[in-house]
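What follows is a single structure, written as C-alpha cells, with notes after it.
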Amino acid sequence: MKYIKIGNNIENASAIALGCMRIHALDNAQVENLIMTALDNGINFFDHADIYGKGKSEELFGEFMANHKDLRDKMIIQTKCAIRPGYYDFSKEHIIESVETSLKRMNLDYIDVLLLHRPDTLMEPEEVGEAFEELYKSGKVKNFGVSNHNMMQIELLKTGVNVPLVINQLQLSIVNAGMITSGINVNMENKESVMHDGFLLEYSRLKNMTIQAWSPFRYGKAGVFLDNPDYPELNAEIDRLAEKYGVKNTAIAAAWILRHPAKIQVIAGTTNKERLSDICKATDVDLTRQEWYSIYRSAGHHLP
Ligand SMILES: NC(=O)c1ccc[n+]([C@@H]2O[C@H](COP(=O)([O-])OP(=O)(O)OC[C@H]3O[C@@H](n4cnc5c(N)ncnc54)[C@H](OP(=O)(O)O)[C@@H]3O)[C@@H](O)[C@H]2O)c1
C-alpha cells in the first residue's frame, strides 16, 4: 500500500480506500471480514455517507467499531451529509444533526472527514461555515471537504467557511474521464473539448485538494468495464499490462488513476475480499507515461 498526505492534518491516508456504500447488503461476519481484509492490505481509509443503505451501512460499520475499539486510531473514517429525499440540504441544522446521527450509528466520538455530498444550490456559505466551526470546535469532525462540486462552488463555499476544504470526491475512471479529457482537448472544437465541470483537475492540484475517485470500475448502471465486451481494446491492453506487472486487471484499472499526479485516492466499492486484495496490488504498479496514455486511448479517447 502507498500512503498520501491529505490537507495539512492527514499525514498517511492509504491511496486506496474502502467505499462502504454497498456493505448494507452484507451480514456482520461478512462486514468484519471485509474490513479486516482492508486493514490487512494496508487500507486505513473508509468512506461512508449517511444515506448508504438508508443508514444501514454506517450501522453495520458501527457494530464492527464497537467490537474493535482498539482499531479506532488506526482508521480514517469519512462520511457525507446533505442528500435528503428529494432535495439537498446545507442548512446548519441538518449538517449538525446528520453528523450526530452518523456518530451514533458508527459508535464513534469523532469523524475524521465530513464531506458535503452534492451541491445545494440554496446554500448559504456562512451557514455552512457556522456548522463546520461548531463541529470542529466540539471535536466531532476533524477535517472537511466536498463531493461532486465544481471549482466555483468551492470558491463560493470558502467565502463563509473558514476551515480548509481538503477533499473533492468525484466520479472518475478510465471510461468516465471527463475531467481529464477536457484538459487534453484544449483549443479544439470537438465535443471532447467541452468543459462540463470547470478545471477540476487543475484546480484541485493548485489548491492542494485531494480528488477521491468514486466508482473507479463501474460502467453503465449495473456493470463494470473490466472483462466487458463493450471495451475489447481496453480490456486487451489492461490484460497485457496485468500480465506484465503480475497483477489482476482491477489493479491496472486502479493504477491508472493512481498514476495521475493530481493526488487522486481510489475509493473501491467492492464487497468481495479477494477482489479487494487484488485491487490493493495497484500500489505496486507504476505505469509508464506511454502505458498510461495507451490505456486512455484504448478506451476510445482520442488525442487531438
Ligand atoms: N460521492 C458520491 O456521489 C459517490 C457516488 C457513488 C459511490 N461513492 C463512493 O465510492 C465507492 C465506490 O463506488 P462503487 O461501488 O460504485 O465503485 P466500484 O468499486 O467501481 O464498483 C464496485 C461494484 O462493482 C462490482 N464489480 C463487479 N465486477 C467487478 C470487478 N471486476 N472489479 C471491481 N468491481 C466489480 C462490485 O461487486 P462485488 O462487491 O461483488 O465485488 C461492486 O458492486 C462507494 O462505496 C462510495 O463510498 C460516492
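Per-structure values
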| read-out | value |
| --- | --- |
| Whole-Å distance, taken between Cα centres, linking region 256-304 and region 132-199 | 20 Å |
| Derived scalar couplings ³J(HN,Hα) [region 134-142; Karplus, 6.51 cos²θ - 1.76 cosθ + 1.60; whole Hz; x for Gly, Pro] | 4, 5, 6, 5, 6, x, 7, 9, 8 |
| Peptide ranges 53-65, 121-133 listed from the most packed, as the mean C-beta count within 10 angstrom indicates | 53-65, 121-133 |
| Portion, in percent, of the accessible area of the chain that falls on carbon or sulfur, probe 1.4 Å | 49 percent |
| Sequence-distant residues sharing a close amide H with residue 210 (under 5 Å, placed H) | 7, 167, 168 |
| Antiparallel %, DSSP beta bridges [both residues in region 136-271], to 5 | 15 percent |
| Centre separation in Å (Cα based) which lies between region 60-121 and region 202-228 | 22 Å |
| Accessible area (Å², per residue) of the chain, counting only protein heavy atoms and a probe of 1.4 Å | 46 Å² |
| Beta bridges per DSSP with both ends in region 1-133, % antiparallel, nearest 5 | 35 percent |
| Proximal lysines relative to residue 56, as straight alpha-carbon distance under 18 Å, when same-chain residues fewer than 8 apart are discounted | 80, 104 |
| Net charge of neighbours whose Cβ lies under 12 Å from the Cβ of residue 291, counting Lys and Arg as +1 and Asp and Glu as -1 | +3 |
| Fraction of antiparallel bridges per DSSP, region 3-298 only, in percent to nearest 5 | 20 percent |
| Protection proxy ranking, peptides 107-119, 240-252, average beta carbon neighbours within 10 Å, highest first | 107-119, 240-252 |
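The values are calculated or read from the model by the stated rules, or taken from the named source; none is laboratory data. Given the structure is predicted, the values throughout are model-derived calculations rather than measurements. Here the Cβ is made from the backbone with ideal geometry for all residues, glycine too, and neighbour counts use every protein chain on show. Keep in mind that these areas ignore ligands, DNA and RNA; they rest on the heavy atoms of the full protein, side chains included. Shrake-Rupley method; radii C 1.70, N 1.55, O 1.52, S 1.80 Å.
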